[in-house]
Amino acid sequence: MDCNESLKAQISANLAAFDIEEEGDHQHHAAAVAITITDEAFGAGLPGLPDHTAWQSRAALILTRRSSRLRSHPGQWALPGGRIDRGETVEQTALREMSEEVDLHLDEAAVLGRLDDFVTRSGYVMSPVVIWAGPGKEMNPNPDEVDSIHRIPVTEFLREDAPQFDPRPGSDAPVLRMPVGETSIAAPTAAILYQFREVCILGREVRVAHYEQPDFAWR
């Protein structure tokens, strides 16, 4: 799956046909995350995935490992994102946080649309913003927030063994995981990635807000 104008048009059309569900209550902190499509060039290697050090045209999503020095969720997989500042839109926050965390600077013309809000167990409403960076973009991690940047091929999220479900005691809903290489990403990030796959790539109307989250997400 190449990172090209055809893929951009496909994702844009699928998002335009999708009616997002927003979280209406104000008991949670508002946050935005960036689901950003770029290419695999200079991607950081992972166990089970090839280490790309040369130009690759295949489409990829930008994920990070949170800094091990952070108080909340250190070292966890994440999409660039954070709290919405007063006066900001969801889209502006996603773009700002991406600029601050991975040194990738884009304007609002790069925004393709949004997916459903997701309420986290740690007290946030996460609003996912789908952004088109396109090929040829270089990034640098902000060491205060990010240990490493990873360009995960979009095809990795289309694996036959994805998604995976873990039962959670006391809940009717399972914890959703998305396998990546020889590891996996858990909800809430995994739930957002799964909805991106279903809505943006496969053109299906799938909801994910009901999925549970692992113990670390409750802190």
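Bear in mind these aren't lab numbers, they're just calculated from the coordinates by the rules spelled out. The model shown is predicted, which means the values in this text are computed figures rather than measured ones. Cβ atoms come from the backbone with ideal geometry, glycine included; neighbour counts cover every protein chain shown.
Here are some notes:
- Listed by position, the strands (runs of 3 or more DSSP E) enclosed by segment 116-190 that each have at least 1 residues that are aromatic (Phe, Trp, Tyr) and out of contact with any His (no Cβ under 7 Å at 6 or more places or on another chain) are 124-132, 164-166.
- Across segment 141-163, the qualifying residues are those that are farther than 24 Å from residue 98 by Cβ and in contact with a strand residue (DSSP E or B) (Cβ under 7 Å, 6 or more places away or on another chain), and the one among them that is surrounded by the fewest Cβ atoms within 10 Å (Cβ to Cβ) is 161.
- Within segment 77-111, the set of residues being of a type in the set (A, V, I, L, M) and within 24 Å of residue 187 (Cα to Cα) comprises 78, 79, 84, 90, 94, 95, 98, 102, 111.
- Cross-chain or 6+ apart pairs with Cβ under 6 Å, segment 112-123 first and touching a residue at least 60 places away in the same chain (Cβ under 8 Å), then of a type in the set (Val, Ile, Thr) and part of a loop (DSSP other than H, G, I, E, B): 114/20; 116/20
- Among the numbered conditions (1) farther than 13 Å from residue 61 by Cα; (2) out of contact with any Ser or Thr (no Cβ under 8 Å at 6 or more places or on another chain), the only one that residue 147 does not meet is (2).
- Qualifying positions in segment 164-191 - surrounded by fewer than 22 Cβ atoms within 10 Å (Cβ to Cβ), closer than 23 Å to residue 58 by Cα and touching a residue at least 24 places away in the same chain (Cβ under 8 Å): 181, 182, 183
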